[in-house]
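Down below is the structure, laid out as structure tokens.
Taken together, the values in this text are just the output of simple stated rules run on the coordinates, not laboratory data. Given the structure is predicted, the values throughout are model-derived calculations rather than measurements. Every residue, glycine as well, gets a Cβ built from its backbone with ideal geometry; the counts of neighbours run over all protein chains shown.
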């Protein structure tokens, strides 16, 4: 059930020293390609990174919150042609969540690394650093990287008692 999958999905930043099987990677990428987009433009594209050296370089893409990527066996860089669609950020974000939920459904864990509007300690935009590292053409924008692997840490599932029911409104605020 989707609800149970959502309750158990947590951001995991420590991964086992174990690769993600090709079949699982293929399934995750097919799920990403099934992601909806505004007017079916599908401005997103995905770069699956499994090379430990490249993952290590990408882990330095921003000042905070990306270093754990060096310990992940897989990172999926979510990019989009920002000229193709005015809501490319939303389209890329939805695709990123499809990636995370499909990984979770396959017994893997993940964590979103925000890239857009983030910077390295030297002031270089995280997006520009990633584009140079992966030779991404100029017309693309980088939304995020999703780190994926077998969990190397445990976090308990959310309980119904933890849900913020006060943020739900019906028919009016």
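Full extension of the segment from residue 30 to residue 172, taken as 0.36 nm per residue of separation minus the current Cα-Cα distance, would add 47.3 nm.
Along its principal axes, region 1-149 has C-alpha extents of 40, 38, 25 angstrom, given from the largest down.
Mind giving me the nanometre distance, one decimal, between the label points for residue 11 and residue 70, set 7 Å out from Cα along Cα→Cβ? Distance between label points: 2.0 nm.
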